[in-house]
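Below: one structure, written as structure tokens.
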Amino acid sequence: MWALYIRDVQLGVRAGGGALVGIIFFLTVVAVVPFGVGPDLNLLARIGPAILWVAALLSVLLGLDRLFQADREDGSLDLLLIAGQRHMSALMVFVKCLAHWTASVAPLVIAAPLLGLFMNMEPVAIGAAALTLLVGTPAITFIGAAGAAVAVALPRGGQLVSVLVLPLAIPVLIFGVSASYGAVTDPAPFLPPFLILCALTLFFAVIGPLAAAQALKWSSD
Amino acid sequence: MRLVAQALAGERGGEPVFSGVSFSLGEGDALTVTGPNGSGKSTLLRVVAGLLPAAAGTITFEGGGEEWPTPRSAAHFLGHQNGMKTALTVDENLRFWREFKGEPHLESQEALEMMGLGEIGHLPFGYLSTGQKRRVAIARLLVSYRPIWLLDEPTAGLDAASEAQFAELMQAHLEDGGMIMAATHLPLGLTAATELRMGAGAAA
């Protein structure tokens, strides 16, 4: 399993891996918003966490459709599934998700504080947004894995993945943004939405890989 | 150890492709599956490998013990695609499969040398020619041990010398007590292989 993790991280980081595309997309979206919204610093500070979260959500979805498709095209998916007796297929999916998160999503979380400065966010708000992204983005990857597994056999399944996955990712977005706001605006609490966000990630860490493994089993035609 | 199929039937997208296929392979036995295009050779191999459910009948692996309870856990599968990543080097690809599949057998360098590719381990897989890629995929069968080899058109893209080399490898695997089931249009150079003709619905 460790070998699979290393391989997927290597593939993600090397040329053509697609990890870089997601990061550049994230940077572009966030960097463009101040130009569109105008130089109202208070407004930017207020919508900053939301912009960071929406941009992160979209850039995670951008790369997810390749999660199983690349393996299917070169035949490795068959071999990974045959090994299901030795390594449970759901565990295989879980490890692939972790590798995808490490290679393509963790850099977003690292870049988020810098982009928070673009949005004139306070240090506390920047910290809260980065923390909620760190905790919440794995959930999007796990949900996306199930979508990617359903769409693996379809040509141009990429768009379908985003449509399938987006409704499920909405709760993650809501609690991620409200926890970030809770850290800076006074009556709103930080801890309850943050804990719900943690719970969502743990929940989808179990459900997502199981659903994806089941979908892959029926797609291997 | 024995691989036994009884009255096996397979379907693709709801359409029956073959039915009533029975065979039995013991240690050191080879079975070549022949027949016209679309007669279900690949489907049969995928059913045996557990990638497709059997529409009817059973496929069992006897005597594998706890280590190899099912045919799919005991099998190497070499399909039409090579299952290698073009962005990784040949050596990284083979070492990954060696570690992931477990039961390590040969080192990746040794396996490459067996296939006459000792010099190219450091190259990205994407740089190789079609025949070289196929030989690397065959080297994958050697880096971890499985008693059953399921081969789908294994010699596609190989030159005559590599074919002969591969025939020797298969012979060595059989003498070791392995089993081989190969779908093919070309003779594989196996001396004592039984033939299963698909398409007529008959079984060997």
Evaluation of A:Gly116 against (1) crowded, with 23+ Cβ neighbours inside 10 Å; (2) in contact with a Lys or Arg (Cβ under 9 Å, 6 or more places away or on another chain) (one fails), failing number: (2)
Sole residue being over 20 Å from the mean Cα position of the chain (by Cα), surrounded by fewer than 20 Cβ atoms within 10 Å (Cβ to Cβ) and more than 10 Å from every other protein chain (Cβ to nearest Cβ), chosen from B:Gly57, B:Gly64: B:Gly57
Options B:Thr60, B:Thr43; residue that is of a type in the set (S, T, N, Q) and assigned to a strand (DSSP E or B): B:Thr60
Set B:Leu31, B:Leu51, B:Leu44: member being of a type outside the set (Gly, Ala, Ser), surrounded by 23 or more Cβ atoms within 10 Å (Cβ to Cβ) and touching a residue at least 24 places away in the same chain (Cβ under 8 Å): B:Leu44
Hits in region B:34-58 (condition: closer than 18 Å to A:Asp78 by Cβ and among the hydrophobic types (A, V, I, L, M, F, W, C)): B:Leu44, B:Leu45, B:Val47, B:Val48, B:Ala49, B:Leu51, B:Leu52, B:Ala54
A:Leu91 vs. criteria of a type outside the set (D, E, K, R), surrounded by fewer than 17 Cβ atoms within 10 Å (Cβ to Cβ), touching a residue at least 24 places away in the same chain (Cβ under 8 Å) and part of a helix (DSSP H, G or I): yes
Test: A:Val21 is in a helix (DSSP H, G or I), touching a helix residue (DSSP H, G or I) at 6+ places or on another chain (Cβ under 8 Å) and not polar (S, T, N, Q): yes
Flag if B:Phe96 is surrounded by 22 or more Cβ atoms within 10 Å (Cβ to Cβ), of a type in the set (Phe, Trp, Tyr), outside the structural domain of B:Arg140 (by TED's automatic domain parsing) and at pLDDT 90 or above: no
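One line per residue, one yes/no per condition, for (1) of a type in the set (Gly, Ala, Ser); (2) modelled with pLDDT of 95 or more; (3) not in a helix (DSSP H, G or I):
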| position | (1), (2), (3) |
| --- | --- |
| A:Pro138 | no, yes, no |
| A:Ala146 | yes, no, no |
| A:Ala149 | yes, no, no |
| A:Ala153 | yes, no, yes |
| A:Gly158 | yes, no, no |
| A:Val163 | no, no, no |
| A:Ala169 | yes, no, no |
| A:Val172 | no, yes, no |
| A:Ser180 | yes, no, no |
Given (1) within 7 Å of chain A (Cβ to nearest Cβ); (2) modelled with pLDDT of 90 or more; (3) on the phi < 0 side of the Ramachandran plot, index of the condition B:Arg72 fails: (2)
Residue within region A:5-19 that is within 14 Å of another protein chain (Cβ to nearest Cβ) and among the acidic types (Asp, Glu) present: yes
Criterion (within 18 Å of the chain's Cα centre (by Cα), within 21 Å of B:Trp149 (Cβ to Cβ) and either assigned to a strand (DSSP E or B) or within 14 Å of another protein chain (Cβ to nearest Cβ) (or both)) met by exactly one of B:Leu31, B:Leu8: B:Leu31
Residue in region B:163-176 that is part of a loop (DSSP other than H, G, I, E, B) and surrounded by fewer than 17 Cβ atoms within 10 Å (Cβ to Cβ) present: yes
Subset of region B:75-91 [more than 7 Å from chain A (Cβ to nearest Cβ), under 21 Å from A:Gly12 (Cβ atoms) and crowded, with 22+ Cβ neighbours inside 10 Å]: B:Val90
Meets criteria (of a type outside the set (Lys, Arg), closer than 30 Å to A:Leu44 by Cα and either in contact with a strand residue (DSSP E or B) (Cβ under 7 Å, 6 or more places away or on another chain) or assigned to a helix (DSSP H, G or I) (or both)) for A:Val124: yes
Criterion (over 19 Å from B:Gly28 (Cα atoms) and either buried (at least 18 other Cβ atoms within 10 Å of the Cβ) or without any contact (Cβ under 8 Å) to a residue 60 or more places away in the chain (or both)) met by exactly one of B:Leu158, B:Leu141: B:Leu158
Filtered residues of region A:139-195 (kept if surrounded by fewer than 17 Cβ atoms within 10 Å (Cβ to Cβ) and in contact with a Phe, Trp or Tyr (Cβ under 7 Å, 6 or more places away or on another chain)): A:Ala188
Test for B:Leu151: is it part of a strand (DSSP E or B) and buried (at least 21 other Cβ atoms within 10 Å of the Cβ): yes
Selection from region B:92-104 of residues that are in a helix (DSSP H, G or I), within 7 Å of chain A (Cβ to nearest Cβ), under 18 Å from the mean Cα position of the chain (by Cα) and not basic (Lys, Arg): B:Phe100
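The values are calculated or read from the model by the stated rules, or taken from the named source; none is laboratory data. Since the model is a prediction, treat every value here as computed from it, not as a measurement. As a convention, Cβ positions derive from the backbone with ideal geometry for all residues, glycine included, and neighbour counts pool all protein chains shown.
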